[in-house]
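Structure, as structure tokens:
Just so it is clear, none of the values below were taken in a lab; they were calculated from the coordinates. All values reported here derive from a predicted model rather than from experimental measurement. Using ideal geometry, Cβ is built from the backbone for each residue, glycine included, and neighbour counts are taken over all protein chains shown.
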Amino acid sequence: QVQLVESGGGLVQPGGSLRLSCAASGNFFSINAMAWYRQAPGKERELVATILSSGRINYADSVKGRFTISRDNAKNTVPVQMNSLKPEDTAVYYCYADSRRSRIDPLVRSWGQGTQVTVSS
């Protein structure tokens, strides 16, 4: 199973920027999708952005034009650059990956522990 470790959260003023990163490690054959989700207090976890091993990317409408996700398949990392941050971006951000142990095994979902992002003046 894949272990995911996030880094880069913190406190930033509105309009500021943060860069989160997530590193995957463990025993796996391949990683398919990697993604960032977030969960604000009292709300359900929501998708922020996904990136497939092919490089195909999808963003939530709320972050389009402000967030940029990328991926290093050799290092199994998935950073997300977050610009023009708003108070409503405040949440715990979680890294996600689905992976296979072998070519024929089913996909297994993995989550990181989460990192807090607070946007406030």
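Structure values in brief
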{"item": "About the Cα centre, charge dipole magnitude for the range 1-72 (Lys/Arg +1, Asp/Glu -1 at Cβ), debye", "result": "140"}
{"item": "Förster radius 35 Å - calculated FRET efficiency between Arg56 and Lys86, Cβ distance, rounded to 0.05", "result": "0.85"}
{"item": "For Val48, distant residues with modelled amide H under 5 Å away", "result": "Trp36, Tyr37, Arg38"}
{"item": "Of Val108, Val48, Val92, the one that fluctuates the most in a GNM where the chain has Cα springs shorter than 10 Å", "result": "Val108"}
{"item": "At most 11 other Cβ within 10 Å, DSSP loop - GluC sites (Glu not before Pro), the range 20-118", "result": "Glu44"}
{"item": "Fraction of antiparallel bridges per DSSP, the chain only, in percent to nearest 5", "result": "90"}
{"item": "Electrostatic dipole magnitude of the chain [Cβ: Lys, Arg +1; Asp, Glu -1; Cα centre; debye, to 20]", "result": "260"}
{"item": "Low-density loop cleavage sites - trypsin sites (Lys or Arg not before Pro) in the range 1-103, where at most 12 other Cβ are within 10 Å (DSSP)", "result": "Lys43, Arg56, Lys64, Lys75, Arg103"}
{"item": "Relative contact order of the range 1-116, defined on C-alpha pairs under 8 angstrom at six or more residues apart (%)", "result": "36"}
{"item": "Cα lying deepest toward the dipole's positive end in the chain, options Gln13, Ser25, Ile104, charges on Cβ", "result": "Ile104"}
{"item": "For the range 103-117, Karplus couplings with θ = phi - 60° (6.51, -1.76, 1.60), whole Hz, Gly/Pro x", "result": "4, 9, 6, x, 5, 10, 8, 10, 10, x, 7, x, 9, 7, 10"}
{"item": "Alpha-carbon Rg/Rh ratio, for the chain, with Rh computed the Kirkwood way", "result": "0.98"}
{"item": "Nonlocal amide H pairs with Ser30, under 5 Å, H built at 1.01 Å", "result": "Arg100"}
